[in-house]
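The values are calculated or read from the model by the stated rules, or taken from the named source; none is laboratory data. Everything numeric here is computed off the predicted structure, so don't read it as measured data. Quick reminder, even Gly has a Cβ in these numbers, built from the backbone with ideal geometry, and neighbours come from all protein chains shown. Please note that ligands, DNA and RNA were not included when accessible areas were found on the heavy atoms of the full protein model with its side chains. Shrake-Rupley method; radii C 1.70, N 1.55, O 1.52, S 1.80 Å.
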Amino acid sequence: MRRRTLGGLRVSAVGLGVMPLSIEGRPDEERALATVHAALDAGVTLLDTADSYHLPGEEPGHNEHLVARALAAYGGDTSSVLVATKGGRGRPAGGDWTVNGRPRHLKAAAEASRKRLGVEAIGLYQLHKPDPAVPFEESVGALRELLDAGTIRLAGVSNADADQIRRAHEILGDRLVSVQNRYSPAVRDSEPELRLCEELGLAFLPWSPLGGLARSSLDGPSRTEGDRRFAAFHAVAAERGVSPQRVGLAWLMARSPAVVPIPGASRPRTIRDSAAAADLLLTAEETARLDEAAGPVPA
């Protein structure tokens, strides 16, 4: 597995988004643990979770508990695994996603996540989404306090725009290490944020990275067929003898050395296929074809 840099650490070039193992349509415990173990076997060392990855109305932390159990039950070395979790969102009964960026809430949520993960300090803690009802600096200030207290080791922001990323960087300095925004062949609105991450030396973690090639867990039950607008991804995949999803992840990594995609998976074979994208190097001609299929970068 190739590696990329995140906050001075070397992590697998492809991570695992663990969310599908805890939300609607989630697999049973046996398959969920097998999926995480398959990722680890494939060399994945970045696991992305959040306290709000659970069924609506369920107690927070189902996904974090699952990650902790999977790591404890794994027979190999997990010392190099970075678990990234997030706080600031909720899923009350009814299914809506709420936002809470109040410092008091974030600090309590981080401590609860730390306990669920069973660690002395959370490896990477990210603000899940800016709260329009709370000054952004106050939410990021809570991350700074968590860093100073040793509750978390590294910090990041998610669903943030370029101005918010710059403001977070001013507050946290080099302890801000990641930005987790939606980015895929079909959704490229965060291109400015990606380029800013390059400038600031931050890792860019695309969530729902297979948009256009596969359905996101946020869009309903998983499926593998994608949007035929992106036929070039399927054509390159056929020529290479691999899946379109693997080509899509390789294309994302070719966009920038800052990119560390975190595709979701609910089956061992799915994450094994995704992990193999780290070693799929596209030619310049292939990359140009895929760029054209994805279309112009939004202004």
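What part of the accessible area of the chain, given as a whole %, is carbon or sulfur when the probe is 1.4 angstrom?
Solvent-exposed carbon and sulfur of the chain make up 49 percent of the total.
Mind giving me the nanometre distance, one decimal, between the label points for Thr5 and Arg195, set 7 Å out from Cα along Cα→Cβ?
Output for this residue pair reads 2.1 nm.
Expressed as a rounded percentage, what relative contact order does the range 62-211 have, with Cα pairs under 8 Å and six or more residues apart?
18
Treat each spin label as a single point 7 Å out from the Cα along the C-beta direction, and report the Asp279 to Glu170 distance in nm.
Between Asp279 and Glu170, the simple spin-label model gives 4.6 nm.
Please work out whether the range 16-133 counts as rounded, prolate or oblate from its C-alpha gyration tensor, where a ≥ b ≥ c are the square roots of the eigenvalues and a/c under 1.5 means rounded, while otherwise a/b larger than b/c means prolate and anything else oblate?
Cα axes put the range 16-133 in the oblate bin.
By how many degrees, 0 to 90 and rounded to 10, does the Cα axis of helix 103-117 deviate from the longest principal axis of the chain?
Roughly 70 degrees between the two axes.
At what distance in angstrom do the alpha carbon centres of the range 49-93 and the range 127-165 lie from each other?
Measuring centre to centre over Cα atoms gives 19 Å.
Once you keep just the Cα pairs under 8 angstrom separated by 6 or more residues, what percentage relative contact order results for the range 1-110?
Relative contact order here is 24 percent.
Which whole-number value in Å² is the accessible area per residue of the range 16-145, probe 1.4 Å?
On a per-residue basis, 40 Å².
Report the full-extension gain for the segment Ala238 to Arg102: residue separation times 0.36 nm, less the Cα-Cα distance, to one decimal in nm.
In short, 44.1 nm is gained.
Shape of the range 124-203 from its Cα gyration tensor (a ≥ b ≥ c, root eigenvalues): rounded if a/c is under 1.5, otherwise prolate when a/b > b/c, or oblate?
Prolate shape, in that a/c is at least 1.5 and a/b is the bigger ratio.
Rounded, prolate or oblate: pick one for the range 152-195, where a ≥ b ≥ c are the square roots of the eigenvalues of its C-alpha gyration tensor, a/c under 1.5 means rounded, and failing that, prolate if a/b is larger than b/c, else oblate.
prolate
Would you report the distance distribution of C-alpha pairs in the chain as whole percents per 10 angstrom bin, up to the bin with the largest distance?
With 10 Å bins starting at 0, P(r) equals 7, 30, 37, 22, 4, 0.
Taking the Cβ-Cβ separation of Ala112 and Arg269 as r and a Förster radius of 45 Å, what is the calculated FRET efficiency to the nearest 0.05?
Here the calculated transfer efficiency is 0.85.
Using DSSP to define loop residues, name the chymotrypsin sites (Phe, Trp or Tyr not before Pro) in the range 81-154 whose beta-carbon has at most 16 other beta-carbon atoms within 10 Å.
Listed in order of number, the matching sites are Trp97.
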